[in-house]
Amino acid sequence: MKSNAHRTLKPIITVFGAAALIAAALVLLAGEYWVIVGTNIAMWIALTESWIVLSGLTGYISLGHATFIGVGAYVFVLLWNKVPLWLGLAAAGGSAAFVAVIIGTPCLRVRGPYFVILTLGVAEFVKFIVINIEAGLANFGRLVLGGPGVYMIFYLMTGLAALAYLLAHFARRSRFGLGLRAIREDENAAETSGVPVTLLKVVAFVLSAIIPGMVGALFVLRSGYFEPLQMFSPLLSLTMITMAVMGGSDDAPGPLFGVTFLIVLSEILWANAPEIYMIVLGVLLVVFVLGVPNGIYGRLLVARRRVAR
Amino acid sequence: MSAQLIAAALITGAIYALMAVSLNLIYGTMRLLNVAHGDLAMVGAYVSYWAFTLWGLPPTISFLAAIAFTGVLGVVLYKGLIERVLGGSRSAERVEANSLLVFFGISIVLENVAALCFTGTPRGYNFGNRILHFLEISVTESRLIALVAALVTVGAILVFFRLAIWGLAVRALIQDRNASALVGINIDRVFVMSSALGFALAGLAGTLVSMFESTTPFMGARYTIAAFVIIIMGGLGNLTGSVVGGFILGTLETIGIAFTGPNYRSILIYGVFIAILLWRPQGLFGGKVAAR
């Protein structure tokens, strides 16, 4: 029988150890190009792991997670050069959580396709409010100058990816995650058996918002530029979903596969055939949903079980 | 509020109603979230643009080609992909989630194939630019044609679903799929026909829009979002609700913008949409069908 502390500590040490090793290997052995690709992969891992905490566990598919990236980025830009970097990052995460409480409490009453489209609607609503605020202030994009270099952003992003992975890992294994999965299977039955569904859903929403908010801040640092149309783009939310679907499963390893697969593929395609990149993405999405419904990780699990037998 | 504004609101509303009714037909019967709906309108718009540019065929004729093309596309997609979405999943939630992703993939493919083939250049053609005057209203011929065509089509659909036997079958399916199968409705055939009809109507809407707005590969998103806002406002599966919702959104967009300014268009539309959904989570007219 493993002790509780062991069950908690081991994944933390393993994940941070692995992240540090991979990061060190990339920095020492590969060039700056691969560090940038690595930053990209870490960013999408952080986002997709956060997304499955809500949508993978509860089945409430959010098409609005770009809101949190955008809000985090915006708050970070407003505070830029006024507060230290770490405080800006914390504020980005905190403001995303705050927005999640405000949005989540009413939105999570709505179920199924209504919820999906409502989150998209709310995301666009927030986007256009920010665009109008910025236009009212006569700002057309804001520059973020004097930020940390490529390597520092890479380390920070890798840290966020590791945190998000652990969040998804522990959320699924906790009593809290059990409640969320009960909601996914049958919300009415869960509620009747005493699961505090509203509270759990809102907490899951908030938890899945914090890291995307901080990713938004790092995203702005990396591009050196804040532009609402880019930071709130619905394409960001859709890419998260695509990666989660390709990876498969509601467990933490799933997104690793989906993200790596898609990023590597997009690097290859951008280099060789940029004009068909989006077409291939669309075809792959269809193929995965229809042909590999459990995603890459789901397939691997099935294969492993067969071998074990 | 001038009569001119009301006329403009009516035209936008009629196009939106056509888009929404056809989208709702697909959702209501099959529980498919067709996020590629606006892209089918884009396909229809290109059909009419090329028919006019290459052969000089006016949209009053080429709409037939647009309908045929998108209708056949609907059947092909149904037989090739959608059947598998419906067959592979047991629960309605699963079908909804999967169809959303599959249609998103289809949407990306359609948009980017169009961009690859036709470039992103906005396209338009000169048809029906003569301005007609009624009382104090001035309207171009093309917009008037679009208004009449959309109104007639939407009206015909509503009548069809009240009276024709196949229309009744679709409405029965919207109400209860299992019970419909029990009383002998051929579900598979109804599905194929609603795919064909739903897609064809989106193609028709594309033709109508192409007469007075520029056609681009990415023009569809706006109509997809509008159509979804409407069918959720009017209730999923509720066709009459979609028509009313279409005119509400058209009015809001046109008259709201006239009073506030174009910057507030999206805030206004999404704001009303969010407010309605939060106030009545099952949609404005959503009854038993949508409420879970």
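The values are calculated or read from the model by the stated rules, or taken from the named source; none is laboratory data. Because the structure is predicted, anything quoted here is derived from the model rather than measured. Positions of Cβ are generated from backbone atoms using ideal geometry, with glycine treated the same way; all protein chains shown enter the neighbour counts.
Residue-wise test of (1) within 22 Å of A:G112 (Cα to Cα); (2) touching a helix residue (DSSP H, G or I) at 6+ places or on another chain (Cβ under 8 Å); (3) aromatic (F, W, Y).
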{"position": "B:A181", "(1), (2), (3)": "no, yes, no"}
{"position": "B:R189", "(1), (2), (3)": "no, no, no"}
{"position": "B:G220", "(1), (2), (3)": "no, yes, no"}
{"position": "B:I231", "(1), (2), (3)": "yes, yes, no"}
{"position": "B:L236", "(1), (2), (3)": "yes, yes, no"}
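Here B:G198 meets each of (1) touching a residue at least 60 places away in the same chain (Cβ under 8 Å); (2) surrounded by 19 or more Cβ atoms within 10 Å (Cβ to Cβ); (3) over 14 Å from the mean Cα position of the chain (by Cα) with one exception, condition (3).
At least 2 residues being of a type in the set (G, A, S) and free of Cβ contacts under 8 Å to residues at least 12 places away in the same chain is the threshold, and among the helices (runs of 4 or more DSSP H) wholly inside the stretch B:217-282 those reaching it are B:265-279. Evaluate the following for B:L239: is it more than 14 Å from chain A (Cβ to nearest Cβ) and more than 22 Å from B:L144 (Cβ to Cβ)? Yes: the conditions hold for B:L239.
Whenever a residue of the stretch B:85-97 is within 17 Å of B:V192 (Cα to Cα), its partners that are at pLDDT below 70, lying with C-beta atoms within less than 6 angstrom and at least six residues away or across chains, give the pairs B:V95/B:S89. The numbered conditions (1) touching an Asp or Glu at 6+ places or on another chain (Cβ under 8 Å); (2) surrounded by fewer than 18 Cβ atoms within 10 Å (Cβ to Cβ); (3) not hydrophobic (A, V, I, L, M, F, W, C) are all true for A:P84 except (1).
One residue alone among B:G237, B:G245, B:G256 is at positive phi and not aliphatic (A, V, I, L, M), and that residue is B:G237. Return the residues of the stretch A:96-110 that are within 14 Å of chain B (Cβ to nearest Cβ), over 21 Å from A:V77 (Cβ atoms) and surrounded by fewer than 17 Cβ atoms within 10 Å (Cβ to Cβ); say none if nothing qualifies. Passing the criteria: A:T105, A:P106, A:R109. Of the residues making up the stretch A:184-238, those that are within 14 Å of another protein chain (Cβ to nearest Cβ), in contact (Cβ under 8 Å) with a residue 40 or more places away in the chain and small (G, A, S) are A:S233, A:S237. Of the residues B:I15, B:I26, B:I11, B:I82, the single one that is at pLDDT 85 or above and over 19 Å from B:G128 (Cα atoms) is B:I26.
So that you can scan it fast, the table gives a plain yes or no per residue for (1) farther than 30 Å from B:V139 by Cβ; (2) surrounded by 19 or more Cβ atoms within 10 Å (Cβ to Cβ):
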| site | (1), (2) |
| --- | --- |
| B:I26 | yes, yes |
| B:S48 | no, yes |
| B:L64 | no, no |
| B:I67 | no, yes |
| B:V75 | yes, no |
| B:G87 | yes, no |
| B:L116 | yes, no |
| B:G124 | no, no |
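Only one of the numbered conditions (1) outside any strand (DSSP E or B); (2) surrounded by 11 or more Cβ atoms within 10 Å (Cβ to Cβ); (3) small (G, A, S); (4) away from every other protein chain (no Cβ under 14 Å) is violated by B:S138, and that is (1).
Here's the yes/no breakdown for (1) aromatic (F, W, Y); (2) within 19 Å of A:V215 (Cα to Cα):
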site: A:G94; (1), (2): no, yes
site: A:F115; (1), (2): yes, no
site: A:G121; (1), (2): no, no
site: A:F125; (1), (2): yes, no
site: A:I133; (1), (2): no, no
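Restricting attention to the stretch B:242-271, the residues being at pLDDT 80 or above and more than 10 Å from every other protein chain (Cβ to nearest Cβ) number 18.
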